[in-house]
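Before any comments, here is the structure.
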Amino acid sequence: MAACSIEDVLAKAEQDEAEKLKSITVQKELDLEFDIGNLVAYDKNRIDIRQFREQKKEDFLRSLARDNTQLLVNEIWKHPTERVEEVIVVKLPEPTTPLPREKPPPKPRPPTKWEEFAKLKGIQKKKKTNLVWDDVAKNELHRLRNIARAQKIKVPGVGLTPTAQQSKTDLARAVNVAKSSTASAGKFQDRLPKEKAPRNTGKKRKFQPVIGNFSNEKQRQLDLLKVMDSKKPRLDVNKAVNKQMREDDREESAAKFKKGGKKGRKGGNFSGKGKGGGGKGKGKGRAGGKGQGPPSGKKGAGKPGKH
C-alpha cells in the first residue's frame, strides 16, 4: 500500500509538471483563422461534449484558451521583427476584421456664414506666405545679438534679418550695427564717401540710482536747500557772458545800420518854397527831410535849403 501510494504521488507530480511545461505545439483538427492586426484568433473546431462534462468547466475552458493563445502567439512570431530600444518587436499587418465603434461617428459640422458666402462667390482660401525658414539668417542674427550684448550696446532687432526688400533705414541700421560689431566697437572704422553720420548715437542721459549710497543723495539735497535759502541769486557765468555778447552784437549791428542810412541821405539839392515879406527860405527834400535856410532870413525869393 505504501509503495502504491508513493507511485501515485510521483505520477501526479509528473502530471502537474507536464501540465506546467506544455509543448508549444498544439494539434487541432481544423486550423484557426487569424487576424494578427487585431490580435484575434477564430477557433471553428467542434467541442467534445463528453470531455466537457467529465472535466470541470473552468479547467476545460482554461485548457482550451491556453491552446488557442499558444497558436496565436506562434502565428504572431511568423511576421517580420525589428529591434527597438533593445527590445524585439513584431511588425503587425493591417487589421482585416472591421470592429464596431464604441460611439456613433461624429456628425459633419455645418458650414459657417462666411463659408457659405465664399462658396456662393467662388472665393478660394489662399496661403499667406510661401517663405522658407533660413537657418543661415538665424545664425547670423544670433551672432549679431551676442556681439551686441558683449559690447553692451543696443541689441539688433528683427529689422536686421535678411529680407527680400530692405528699406533705406534698414540698410543704414544694418551698416551701423556691422561697424559697431568690431572689437573696438567701430571706433577705427573708415566711413564711405558721402556717408552721413548715424543718428541717435549720442550719449544718453544718466540718472542717479534710486537705491544704494544715501550719503551722496543727502549731500545733493543739502546743496539744493543751500542755494534756495541764499538771498543772493545764483549767477550763471556762462549764461551772463553769452547774454552780454548778444547785446554787444545787437548794438554793433544797429550802429552799422544807422551809418549806412546817413550815407544814403546825401544826394542832389532840391528847390525849396520861398515866402515873401521877410520869410525864411525853406526847402523840402525827398530823402533828407526838411532843410532850413541861413539863420539871417533875407527877404525876397526863397533860396534852396541845404541838407
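The values are calculated or read from the model by the stated rules, or taken from the named source; none is laboratory data. None of the values given here were measured: they were computed from a predicted structure. Neighbour counts run over all protein chains shown; Cβ positions are idealised from the backbone, glycine included. Note: accessible area is taken over every heavy atom of the protein model, side chains too, but ligands, DNA and RNA are not part of it. Shrake-Rupley method; radii C 1.70, N 1.55, O 1.52, S 1.80 Å.
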message: Just to check your reading of the model, which residue among Pro95, Pro111 is in contact (Cβ under 8 Å) with a residue 60 or more places away in the chain, surrounded by 10 or more Cβ atoms within 10 Å (Cβ to Cβ) and assigned to a loop (DSSP other than H, G, I, E, B)?
response: Pro95
message: Just to be sure before I move on: is Gln70 open to solvent by 40 Å² or more (accessible area, probe 1.4 Å) and polar (S, T, N, Q) in the structure I sent?
response: no
Matching residues, segment 167-188, being part of a loop (DSSP other than H, G, I, E, B) and loosely packed, with under 12 Cβ neighbours inside 10 Å: Ser167, Ala183, Ser184, Lys187, Phe188
Answer residue from segment 135-157, given it is in a loop (DSSP other than H, G, I, E, B), open to solvent by less than 80 Å² (accessible area, probe 1.4 Å) and in contact with a helix residue (DSSP H, G or I) (Cβ under 9 Å, 6 or more places away or on another chain) and is modelled with the highest pLDDT among those: Ile153
task: Determine whether segment 73-80 contains at least one residue that is of a type in the set (A, V, I, L, M), at pLDDT 90 or above and touching a helix residue (DSSP H, G or I) at 6+ places or on another chain (Cβ under 7 Å).
output: no
message: I need every pair where a residue in segment 50-78 that is over 15 Å from Lys28 (Cα atoms) and among the polar types (S, T, N, Q) has its Cβ under 9 Å from the Cβ of a residue that is assigned to a helix (DSSP H, G or I) and open to solvent by less than 80 Å² (accessible area, probe 1.4 Å), sequence separation at least 6 or different chains.
response: Gln51/Phe60; Gln55/Ser63
query: When only residues in segment 18-66 that are open to solvent by less than 60 Å² (accessible area, probe 1.4 Å) and of a type in the set (Asp, Glu) count, which is nearest to the chain's Cα centre (by Cα)?
result: Asp35
